[in-house]
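Single-structure report; data block below.
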Amino acid sequence: MTLAILGYDLINLLYLLAAVLFIFGLKMLGRVETAAKGNAVSAVGMLLATVVTFFFIVDGTWWSILWIVPALALGGVAGTVMAKRVEMTQMPQMVALLNGFGGIASLLVAAADYFNLYGVSGETVRAISLAGPTYSLTIGLAVAIGAITFTGSIMAFGKLQGVKWAPDQPIQLPGQKWIVFGGLGLLALMITFLMIWPGGWPWVLLMTLVALGLGVLLVIGIGGADMPVVVALLNSYSGVAAAMAGFVLNNYALIITGSLVGSSGLILTNIMCKAMNRSLMNVLFGGMGAAPSGAANASATDGSTPQGTATESSAEDAAIVLEAASSVVVVPGYGMAVAQAQHAVKEFAAELENKGIEVTYAVHPVAGRMPGHMNVLLAEAGVEYDVLLDLEPANARLETADVALVIGANDVTNPAARHDTSSPLYGMPILNVDHARTVFVIKRSLNPGFAGIQNPLYFQDNTRMVFGDAKKVVTDLVNELEQI
Amino acid sequence: MTLAILGYDLINLLYLLAAVLFIFGLKMLGRVETAAKGNAVSAVGMLLATVVTFFFIVDGTWWSILWIVPALALGGVAGTVMAKRVEMTQMPQMVALLNGFGGIASLLVAAADYFNLYGVSGETVRAISLAGPTYSLTIGLAVAIGAITFTGSIMAFGKLQGVKWAPDQPIQLPGQKWIVFGGLGLLALMITFLMIWPGGWPWVLLMTLVALGLGVLLVIGIGGADMPVVVALLNSYSGVAAAMAGFVLNNYALIITGSLVGSSGLILTNIMCKAMNRSLMNVLFGGMGAAPSGAANASATDGSTPQGTATESSAEDAAIVLEAASSVVVVPGYGMAVAQAQHAVKEFAAELENKGIEVTYAVHPVAGRMPGHMNVLLAEAGVEYDVLLDLEPANARLETADVALVIGANDVTNPAARHDTSSPLYGMPILNVDHARTVFVIKRSLNPGFAGIQNPLYFQDNTRMVFGDAKKVVTDLVNELEQI
Amino acid sequence: MNITPLLAAAPSPFVIGIVVFVLAVFIGFELISKVPSRLHTPLMSGSNAISGITIVGALLCSYSGSVFGVILAFFGIVFATTNVVGGYLVTDRMLKMFQSKDNH
Amino acid sequence: MNITPLLAAAPSPFVIGIVVFVLAVFIGFELISKVPSRLHTPLMSGSNAISGITIVGALLCSYSGSVFGVILAFFGIVFATTNVVGGYLVTDRMLKMFQSKDNH
Ligand SMILES: NC(=O)c1ccc[n+]([C@@H]2O[C@H](COP(=O)([O-])OP(=O)(O)OC[C@H]3O[C@@H](n4cnc5c(N)ncnc54)[C@H](OP(=O)(O)O)[C@@H]3O)[C@@H](O)[C@H]2O)c1
Ligand SMILES: NC(=O)c1ccc[n+]([C@@H]2O[C@H](COP(=O)([O-])OP(=O)(O)OC[C@H]3O[C@@H](n4cnc5c(N)ncnc54)[C@H](OP(=O)(O)O)[C@@H]3O)[C@@H](O)[C@H]2O)c1
């Protein structure tokens, strides 16, 4: 007895150590210099928690390795293969998928504990009743949140990946809001039933089904481009689901770590929303309501019809102006990612640098379709970290730049965000490319970007449009520069 | 039984609520705009925790109000009287005294629980043994830390108050370091004894005595001017003592709150050390070791002999120069506090403002002898909050100021801190008064300040010394200005 | 097929205490950062008042047990209450000084 | 003169769980602030890996009880392990991209 208690004590102290490693890991992940190390620190914590638990289990029931080890191996191989195979540009959907797995795992843990308890004794109901109503409550919450996280993440994965069962456009059923609230109410009701009749296992299955459906419904109504924020939020949910599973098992490792992820994920969601100038509520309630949801309603929006005339130019002319400049700021956007133009851009910059021209990159926090999208792509192409400028230094640089070269960016350069209170972008901090001496914009047409509104930048006197696919135009520029 | 458990559950949830209020309160205390509210929030938390406990106790044993209520009343009256009577300039010693009370309270709690347990049963030793060695461990820690906090704080109080049994100078016994380490070792030994023989109550009393002595010894070796940092550190200790008492009683309110204070107090100590350019270690080990400990060894220090000649001036001449200025920066220091010149300074500033001259105050973080010393004094005299400049804005202002008027400040204006690597002040951020067009310094002599080193500022071409008591000189200035 | 050991797998109160202690220590560390120097003294005094939480412990020890224990607890209540009441009032007085003049 | 009620005054495991939960929530809130945008995706992915802690729960459910329960736990382990392993590796890959070129 004494020894057993010491055993639990020791295990829990090691769990606490793991939690402390997670705390340090998360903190270090928030700073560029320490991020990679932070990830390693948190991985060590996870290894510790897993190994401790494994030996605890196997020590008691050695035969359980017969199925535990294969399960671990299966998951380990699957995880490794997925992580190695995925392309850099598919990171967001990968995170979404893995997050979904975390959600369903918490669901399974809660259900497994319930049915284990159920299966143990002839006097089933009494056994579960003994655990008290809080047991049923946390079973219900873990199952519901886990299931919502699972299908929600899978939908987000689908939309980011562009598969056909998950259309990019938001799909709103008639009265969707009420269906969602109805579903949540139903879940609450079923959890209450379970608390009153803890032996009613069919409720657990039914609850799972309803929550799975709700997860789909919550995310299907949101546009594909909002998915990064949705994934961040679902990540927070998966933490809460793990914490609830921790309540079910009375396990502090799960409770502490789950709530850490739950709250820090919420903060991260908030930070990401702010960078996109949207409110957390807007996202929390599943994107239902006000804001225009992405490109779908682009043509319907007022601002989408061109105002004034844009001046067209060619790669040849652009090359001449660029060659004469002494400081060039490249402003990449979603179009560069679509065209996979990052390598061409790197070549282009090298060409200019050979000629003694200073090239920097102005990276807007929400350029592209995921946070850090441009950083990842440019890093992949081998662009040095120190020429990537964040919003503020980039704007300082743009004030004195000779040429701003906008490559497939649109919303993040829209000057209407600064002064036009009627613009949906109003208030979002933007890159002031219009302050550069000359602006070249590479895109295929005058069509709007993600927000679905026209960009007055294109009709300014000092702006020249170079129409075409980003990769093609930049390659042309490189050729022209070589010839000069 | 069920009801009783619900009772403990409810109480613990209310304790948790109190802890949350403390967390918010502490956070709000760190910002000027919210500080007063934060103090109120945390007071509400304390009221909640106390009232809940009171009713829990009285509900079980109503007759205990016969001594509980008088005790509460006594403490309440004493606290109120002390808080109302104390003068603003005596705040630091007041905090030290109260902190000592907190320390002895935790000591008494641990001892009371021990002797309660002891007194309950005939089979004393068995009763205490049952509680396990961790019980004895935490009893020992609570008693030791509580006692050190108590006498340490009382010594700090004495030094700050200037009473004769606590001399301002650091008193170092021969081999003091070893006595201290020996004392700590002795304490550890006695705690171990108690863990092995939990019934050995004499150890508890002996331990108390040794720890009380150690508290005196730790603080007596530190100079009076270092006391604010010592009090901050002892405050952190008193939190840890409360947490240890929490372990003794298995009470989460005490554990959470105590460790909150313990760790946040340590951070605050660290911040204060940084502002004074000293290392935490230097303070943690009781000020033993390297740094010169205050004014005591002033005359012994190399730099204390004047270099070059200082130019003397009079209040009359100073008034003429001041009258011709358009921007004057007042730099208050410890001398202003000693002379109680803050009201005269306020009058002086009003006089200048009447003449259309802009007056601001440059407040160094460690000017005076406690953090915020100058702010408290000037606020008392009615100086508006927005003309008090922190280090950085003050230095920006000094660059363009016509006159810098240094009133009883010394170390915080020493330009040697910027470039003389051999100076004990080297590296401390200072107020660059020497960058002002003209500098007037009001002090009684060329004697050094707290750090015991000479100030090259006084021998600069643009510096004029006005010798005399700060209050008298400033009053003279007011009179001169009225006559102009 | 015995589930009880797992359900009963609660650590001892002491270890739970350590878990709670460590978590609260982290909160304390994160809470305070970049406090302007003029708030150092009020912050110190305010958190000193909070450390008076030991008043709860003193109350809990005061109602039964040995006579000597209750006497100790009596003085514990007196000192802790002085700390709490004095601490909050003094902090409040200090902070009032920093407020705009209309409040005077 | 009965001391037992006080010594036994431990709250239920559920309430202890709530205490621990609330404290950890505060740590999570304080931990993340002002993350540069280029770290948003790695941070999301890294904390997603941490939420795979549910692997511990899956292991604890997997060794006894009902057959159905153990089957559920089996899949729980598979999914949680995929989350953990995939999550840490993906995060590491992303972060490697930001490092200076000598590491390539
Ligand atoms: N980063 C995030 O986390 C995130 C997440 C969700 C939403 N968003 C939103 O996404 C937007 C990002 O702004 P952004 O400026 O990067 O992109 P954007 O405003 O969406 O504009 C991208 C532009 O690229 C052009 N383009 C598309 N394919 C191209 C190709 N192959 N070659 C050249 N050009 C091409 C498009 O114009 P043409 O059709 O004329 O070529 C389009 O106007 C913001 O509104 C942001 O709020 C960002
Ligand atoms: N603020 C804190 O929390 C704190 C805590 C501990 C230590 N310290 C240390 O204290 C020092 C504070 O710097 P400080 O510049 O404010 O003070 P200081 O360097 O100690 O200098 C004070 C000066 O005031 C003069 N003085 C004394 N009584 C006077 C009177 N009645 N009238 C006019 N002048 C008088 C003294 O010169 P005469 O004798 O020539 O008049 C002395 O040189 C720093 O070294 C700091 O590290 C501060």
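Bear in mind these aren't lab numbers, they're just calculated from the coordinates by the rules spelled out. Computed from a predicted structure; not experimentally measured. So basically every Cβ, Gly included, is an ideal-geometry build from the backbone, and we count neighbours across all protein chains shown.
Miscellaneous remarks
- Computed over the stretch B:152-208, the Cα gyration tensor eigenvalues convert (square root of 5λ each) into semi-axes of 31, 15, 7 Å, ordered from largest to smallest.
- By the equivalent-ellipsoid construction on the alpha carbon gyration tensor, the protein assembly as shown comes out with semi-axes of 53, 49, 24 Å, ordered largest to smallest.
- Two-site FRET efficiency, A:Lys472 against A:Val44, from Cβ-Cβ distance with R₀ of 41 Å, rounded to 0.05: 0.30
- B:Ile357 long-range amide H proximity, modeled H, under 5 Å: none
- Relative compactness, the stretch A:33-113, computed as alpha-carbon Rg over 2.2 N^0.38 Å: 1.31
- Per residue convex hull volume, Cα atoms of chain B, in Å³: 152
- Structure-based [θ]222 nm, chain B - -39500 (n - 2.57) summed over DSSP H runs of at least 4, per residue, nearest 500: -20500 deg cm²/dmol
- To the nearest ten degrees, helix B:470-483 and the longest principal axis of the Cα atoms of chain B are 40 degrees apart.
- Distance in nm between pseudo-label sites at A:Asp390 and A:Ile320 (7 Å out along the Cβ direction from Cα): 4.1
- Across chain A, the longest run free of exposed loop sites, meaning trypsin sites (Lys or Arg not before Pro) lying outside DSSP classes H, G, I, E and B with no more than 15 other Cβ atoms within 10 Å, spans A:165-354.
- Centre separation in Å (Cα based) which lies between the stretch B:31-75 and the stretch A:338-399: 60
- Using θ = phi - 60° in the Karplus curve 6.51 cos²θ - 1.76 cosθ + 1.60, the 3J(HN,Hα) couplings for the stretch B:31-46 round to 10, 4, 5, 9, 4, 5, 5, x, 4, 5, 4, 6, 5, 4, x, 5 Hz; x is entered for Gly and Pro.
- Phi to ³J(HN,Hα) by Karplus 6.51 cos²θ - 1.76 cosθ + 1.60 over the stretch B:203-209, Hz, x for Gly, Pro: 4, 4, 5, 4, 4, 4, 4
- Under-5 Å amide H pairs with A:Gly449, H placed in peptide plane, nonlocal only: A:Asp411
- Phi-based couplings in Hz for the stretch B:68-76 (Karplus 6.51, -1.76, 1.60; Gly and Pro marked x): 5, 5, x, 4, 4, 4, 4, x, x
- Eligible lysines near B:Lys274 by straight Cα distance, threshold 16 Å, same-chain separation 8 or greater: C:Lys34
- Partner chain coverage, peptide B:369-379 - average Cβ within 10 angstrom: 5
- 10 Å binning of all Cα-Cα separations within the stretch B:147-269, expressed as whole percents from 0 upward: 14, 35, 37, 14, 1
- The distance between label points at A:Ala188 and B:Gln340 comes to 6.4 nm (points 7 Å beyond Cα on the Cα→Cβ vector).
- Close amide H contacts of B:Val406 (hydrogens built in the peptide plane, cut-off under 5 Å, sequence separation of 5 or more or a different chain): B:Val331, B:Phe440, B:Val441, B:Ile442.
- For the stretch B:354-437, GluC sites (Glu not before Pro) meeting the loop criterion (DSSP other than H, G, I, E, B) and having at most 14 other Cβ atoms within 10 Å: B:Glu384.
- Calculated FRET value between A:Thr311 and A:Thr421, using beta carbons and R₀ = 30 Å, to 0.05: 0.60
- With its label point put 7 Å out from Cα toward Cβ, A:Pro133 sits 4.4 nm from the same residue's point in the other copies, in order from shortest.
- Per-copy distances of the A:Leu206 label point, shortest first, in nm (7 angstrom along Cα→Cβ): 7.0
- Within the straight-line cut-off of under 18 Å between alpha carbons, the lysines reachable from B:Lys84 are C:Lys96, sequence neighbours fewer than 8 places apart in one chain being disregarded.
- 10 Å Cβ neighbours from other chains, averaged over peptide A:437-447: 0
- Full extension of the segment from A:Met88 to A:Val51, taken as 0.36 nm per residue of separation minus the current Cα-Cα distance, would add 10.2 nm.
- Inter-label distance, nm, simple model (7 Å from Cα along the C-beta direction), B:Glu482/B:Phe181: 6.3
- Cβ-Cβ distance of B:Val77 and A:Glu33, R₀ of 56 Å, FRET efficiency by 1/(1 + (r/R0)^6): the value works out to about 0.50.
- Sorted shortest first, the distances from the A:Leu10 label point to those of the same residue in the other copies are 4.2 nm; each point sits 7 Å from Cα along Cα-to-Cβ.
- P(r) tail for the stretch A:368-484: Cα pairs beyond 20 Å make up 47% of the total.
- The average projected area of the stretch B:210-282, computed from the convex hull of its Cα atoms over all directions, is 5.2 nm².
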